[in-house]
Amino acid sequence: MRKKRPLGQNFLNDPSIAAEIIRQANIPPEGRVVEIGPGKGILTRELLEHAGSVLALEIDPQLFRGLNREFGKNSKFELVQADAMNYDYGAAGNRYQVVSNLPYYAAMAIIKRLIHYRKHIVDMTLMLQKEVVDRLVAEPGTRAYGSLSVFTQFNCRVERLLEVKKGSFSPPPKVDSSVIKLTPLKETPVIVKNLKTFHHVVNTAFFHKRKMLRNNLKSLNQPYQIDIKKIEDAGIQLDRRGETLTLEEFATLANLIEANHD
């Protein structure tokens, strides 16, 4: 018998935190908002007071029924029972904001999917585990910096907004949370010749975090050909670790590898 995937939601129960999240989201009166995993509706109540319309996605049948009872008669409210990890965010409309306390177990999968649909999204105000936010905002040379940092910062402007203690939830999680705002960029901060190559290079550079670039990049020799001299002539020493490279240096490295692949 297959084990059911845990939903693992911790419900925010501090109205002052909910109000501050909505304030930081900066929702215009006519704005459309998508809320993922509304749970018991503490953010939903605030959203309906500030937004022009709210689309809520809830996977849990019991929570879905409770939300429908409480908000179903509100003309500004639309409730869909759906899994946020495979929902078609293109169907949610155009130019909407996302405001959510994301379930911990699915947070990164949902964020990656939202970024995939970023042309539809104005911005995302999201509450996540503090350690995940640490990774999203991390700078080169810091312990938290990794492929997730590069991917997110390549696609979005990242702002840390608010810290939330575990006592603000029921049941309390084991860790504190943070609220972050991701604003999709109209243009990427660096130019890359081939997105697939860029992401392949970034993921490979961080595959063994303690290894030097020289060793990690060996696995790219097929199908690419690594020209060490060209890379070092561009100012990227291969005795460095991936965690020390800036977004610009990753773009340079990927473009050199792609050019040699051509």
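Here, each number is a calculation from the coordinates, and none is a lab measurement. All values reported here derive from a predicted model rather than from experimental measurement. Note that each Cβ is placed from the backbone with ideal geometry, even for glycine, and that neighbours are counted across all protein chains shown.
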Exercise. Separation of region 163-187 and region 90-134 by C-alpha centroid, Å?
Worked result: 12
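With r as the distance between the Cβ atoms of residue 209 and residue 175 and R0 = 22 Å, compute the FRET efficiency 1/(1 + (r/R0)^6) and round to 0.05. Display every interim value, and only then the final one.
On the way: r = 22 Å, r/R0 = 0.98.
It comes to 0.55.
Among the listed pairs 186/218; 166/196; 196/218; 40/166, give every one whose C-alpha distance is greater than 28 Å. Provide the component values of the computation, followed by the final result.
Values: 186/218 34 Å; 166/196 38 Å; 196/218 18 Å; 40/166 17 Å.
In this structure, 186/218; 166/196 lie more than 28 Å apart at Cα.
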Seminar exercise, completed: Among beta bridges assigned by DSSP with both residues in the chain, the antiparallel ones amount in percent, to the nearest 5, to 50
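Summing Lys, Arg as +1 and Asp, Glu as -1, what charge do residues with Cβ under 14 Å from the Cβ of residue 187 carry, residue 187 excluded? Mind dumping the intermediate values first?
Details: positive: 118, 119, 157, 186; negative: none.
Charge balance in the 14 Å sphere: +4.
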For this session: Please state the charge dipole magnitude for the chain, taken about the Cα centre, from unit charges on C-beta atoms (+1 on K and R, -1 on D and E), reported in debye and rounded to the nearest 20.
Result: 780
Exercise. Can you tell me the Rg and the Dmax, both Å, for the Cα atoms in region 195-261?
Worked result: 10.3, 27
Seminar exercise, completed: Rg from C-alpha atoms of region 115-193, normalised by the globular rule of thumb 2.2 N^0.38 Å, equals 1.20
Exercise. Loop-only check: which trypsin sites (Lys or Arg not before Pro) in region 100-163 are DSSP coil with at most 12 other Cβ within 10 angstrom?
Worked result: 143
Seminar exercise, completed: So the pair-distance distribution of the chain, from every Cα-Cα distance in 5 Å bins, comes to percents of 1, 6, 13, 15, 16, 14, 10, 9, 7, 5, 3, 1, 0, 0
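Between residue 88 and residue 165, what length comes free when the chain is fully extended (0.36 nm per residue of separation minus the Cα-Cα distance, one decimal in nm)? Spell out each step's value before the answer.
On the way: separation 77, 0.36 × 77 = 27.72 nm, distance 3.23 nm.
Full extension from residue 88 to residue 165 adds 24.5 nm.
Which trypsin sites (Lys or Arg not before Pro) does region 1-107 hold that lie in a coil by DSSP with at most 15 other beta carbons within 10 Å?
Numbers: sites: 2, 3, 4, 23, 32, 40, 45, 65, 69, 73, 76, 95; in loops: 2, 3, 4, 40, 73, 76, 95.
Answer by residue number: 2, 3, 4, 73, 76, 95.
How much net charge surrounds residue 51 when only the other residues with a Cβ under 10 Å from the Cβ of residue 51 are counted, with Lys and Arg +1 and Asp and Glu -1? It would help to have the intermediate numbers written out before the result.
On the way: positive: 32, 76; negative: 30, 35, 46, 49.
Neighbour charge sum, excluding residue 51 itself: -2.
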For this session: Starting with the fewest neighbours, write out 122, 54 ranked by other beta-carbon atoms found within 10 Å of each beta-carbon.
Result: 122, 54
Problem set entry | Karplus-derived 3J(HN,Hα), 6.51/-1.76/1.60, for each residue of region 151-158, Hz, glycine and proline x | 4, 5, 6, 6, 9, 9, 7, 10
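Could you list the square roots of 5 times each eigenvalue of the Cα gyration tensor of region 1-92, that is, the equivalent ellipsoid semi-axes, sorted largest first and rounded to whole Å?
Numbers: eigenvalues 104, 48, 33 Å².
Value: 23, 16, 13 Å, ordered largest first.
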Problem set entry | Furthest towards positive pole of dipole, 220, 259, 195, structure part region 195-261, Cβ charges | 220
For this session: Please name whichever of 71, 124, 81 sits farthest to the positive end of the charge dipole of the chain, dipole taken about the Cα centre and charges placed at Cβ: Lys and Arg +1, Asp and Glu -1.
Result: 81
Problem set entry | In range of the label at residue 158: residues from region 217-253 whose backbone nitrogen is under 17 Å from the point 7 Å along Cα→Cβ | 242-251
Exercise. What is the calculated FRET efficiency for residue 237 to residue 23, with r their C-beta to C-beta distance and R₀ = 45 Å, to the nearest 0.05?
Worked result: 0.45
